[in-house]
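Asker: Take a look at the following structure, please.
The values are calculated or read from the model by the stated rules, or taken from the named source; none is laboratory data. The model shown is predicted, which means the values in this text are computed figures rather than measured ones. Positions of Cβ are generated from backbone atoms using ideal geometry, with glycine treated the same way; all protein chains shown enter the neighbour counts.
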Amino acid sequence: MDTTVSTELQMLFCAIALGIVQLLIAVLASVGTRGMPWAAGPRDDPGAPLGKMAGRLERAYRNFLETFALFAAAVLLAHALDKTNPASVLGAQIYVWARLLYIPAYVFAVPFLRTLIWLASLIGILMVMSAIWPG
């Protein structure tokens, strides 16, 4: 039985780890702003507004969530259909690196570059999908 893990699946694992790290950072920043009683409570009250950095960390995490499901579905479908190729490998790598670079670009409010990095992550997803597309 072959136990090798494809690069696409390795990148999916890295993307999951990145999502967990982003979640933890966003939560810690939120608790730092709103306090532990708010975090441990029922959160019926929205709490204090997030500061600039905490707000950006939360928005960067939410942006990750918007693309992650698409990336995961594309990788899993390519893997299940055994249709991976060099383009899908590169696309998966581009997605993960772009999502990693997106965090500081968003937190430090780097205009245009942040958008280009987001676009790169989308292109990465499309490259993975290109392996699946018939033809």
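Asker: Counting only residues that are buried (at least 16 other Cβ atoms within 10 Å of the Cβ) and hydrophobic (A, V, I, L, M, F, W, C), which one in region 15-30 is farthest from residue 75 (Cα to Cα)?
Answerer: Going through the qualifying residues, I end up with 29.
Asker: Check residue 73 against each of (1) within 24 Å of residue 24 (Cα to Cα); (2) touching a Ser or Thr at 6+ places or on another chain (Cβ under 6 Å); (3) free of Cβ contacts under 8 Å to residues at least 60 places away in the same chain and name the one condition it does not meet.
Answerer: Only one criterion is unmet by residue 73, namely (2).
Asker: Check whether at least one residue in region 44-59 is at pLDDT 85 or above, closer than 30 Å to residue 124 by Cα, of a type in the set (Gly, Ala, Ser) and out of contact with any Cys (no Cβ under 7 Å at 6 or more places or on another chain), and report yes or no. Outline the logic, then answer.
Answerer: Let us first name the residues in region 44-59 that are at pLDDT 85 or above, namely 50-59.
With the extra rule that they be closer than 30 Å to residue 124 by Cα, the set shrinks to 52-59.
Those left that are additionally of a type in the set (Gly, Ala, Ser): 54-55.
Restricting the remaining residues to those that are out of contact with any Cys (no Cβ under 7 Å at 6 or more places or on another chain) gives 54-55.
Yes: region 44-59 contains one or more residues that are at pLDDT 85 or above, closer than 30 Å to residue 124 by Cα, of a type in the set (Gly, Ala, Ser) and out of contact with any Cys (no Cβ under 7 Å at 6 or more places or on another chain).
Asker: Can you pull out every residue in region 37-59 that is within 29 Å of residue 100 (Cβ to Cβ), assigned to a helix (DSSP H, G or I) and over 16 Å from the mean Cα position of the chain (by Cα)?
Answerer: 39, 52, 53, 54, 55
Asker: Working only within region 4-29, note down all residues that are small (Gly, Ala, Ser), outside any loop (DSSP other than H, G, I, E, B) and under 24 Å from residue 127 (Cα atoms).
Answerer: Residues of region 4-29 small (Gly, Ala, Ser): 6, 15, 17, 19, 26, 29.
From what's left, outside any loop (DSSP other than H, G, I, E, B): 15, 17, 19, 26, 29.
15, 17, 19 - these are the residues of region 4-29 that are small (Gly, Ala, Ser), outside any loop (DSSP other than H, G, I, E, B) and under 24 Å from residue 127 (Cα atoms).
Asker: Against the conditions (1) in a loop (DSSP other than H, G, I, E, B); (2) surrounded by 13 or more Cβ atoms within 10 Å (Cβ to Cβ), where does residue 111 fall short? Just the number, please.
Answerer: (2)
Asker: Quick one: is residue 52 in contact (Cβ under 8 Å) with a residue 12 or more places away in the chain, among the basic types (Lys, Arg) and either surrounded by fewer than 18 Cβ atoms within 10 Å (Cβ to Cβ) or touching an Asp or Glu at 6+ places or on another chain (Cβ under 6 Å) (or both)? Spell out the reasoning first.
Answerer: On the way: in contact (Cβ under 8 Å) with a residue 12 or more places away in the chain: no; among the basic types (Lys, Arg): yes; either surrounded by fewer than 18 Cβ atoms within 10 Å (Cβ to Cβ) or touching an Asp or Glu at 6+ places or on another chain (Cβ under 6 Å) (or both): yes.
No.
Asker: When you scan region 75-89, how many residues do you find that are among the aliphatic types (A, V, I, L, M) and surrounded by fewer than 15 Cβ atoms within 10 Å (Cβ to Cβ)? Steps first, answer last, please.
Answerer: First, pick out the residues of region 75-89 that are among the aliphatic types (A, V, I, L, M): 75-78, 80-81, 87, 89.
Checking the rest, the ones that are also surrounded by fewer than 15 Cβ atoms within 10 Å (Cβ to Cβ) come to 76-77, 80-81, 87.
Result for region 75-89: 5.
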